[in-house]
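Below: one structure, written as structure tokens.
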Amino acid sequence: WDECCAEVEREVSGGCLSLLQQEQDTWRVEASAHAPALASAAGSPRRASTPIASPPPRSGMHPLVRDLYKRVITVGKDYPGGLEVVRRKAKEAFARYANLSSEVSIKKAVARGRWYVRNELM
């Protein structure tokens, strides 16, 4: 969970490449690393095609939840209590709802969180 939050915070602050660019770079590196092994295993003199690498395992965070956390961090930068207070409260709130698994309950919780960001944090 902390790794997911740290990744989102880096993304929001603009301190690294976009997540999509990082994933594409990872896939390219994995594909180029596997190409020589596949060519020797095939035993053919022709050039081996570059295999399509599987994407790296995604974090357990639902995309809507990730978006909500980004919103909270972005709005929290201007919060009078400071970003650290907002981050601590957000992590506590997200941890309370971490056991949700159905799509409907996740969407309801995200809608509640968006309402809170709109009406309480702004």
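The values are calculated or read from the model by the stated rules, or taken from the named source; none is laboratory data. As the structure is a prediction and not an experimental result, all values here were calculated from the model. Glycine also receives a Cβ, built like all others from the backbone with ideal geometry; neighbour counts cover every protein chain displayed. Note: areas computed on protein heavy atoms with side chains; ligands, DNA, RNA excluded. Shrake-Rupley method; radii C 1.70, N 1.55, O 1.52, S 1.80 Å.
Listed values, structure above:
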| read-out | value |
| --- | --- |
| Answer from Ser105, Ser44 - the residue that is open to solvent by less than 70 Å² (accessible area, probe 1.4 Å), modelled with pLDDT of 90 or more and polar (S, T, N, Q) | Ser105 |
| Answer residue from segment 49-100, given it is open to solvent by 40 Å² or more (accessible area, probe 1.4 Å) and among the aliphatic types (A, V, I, L, M) and is modelled with the lowest pLDDT among those | Ile52 |
| Qualifying residue in segment 112-122 (condition: within 17 Å of His62 (Cβ to Cβ), open to solvent by 90 Å² or more (accessible area, probe 1.4 Å) and under 19 Å from the mean Cα position of the chain (by Cα)) | no |
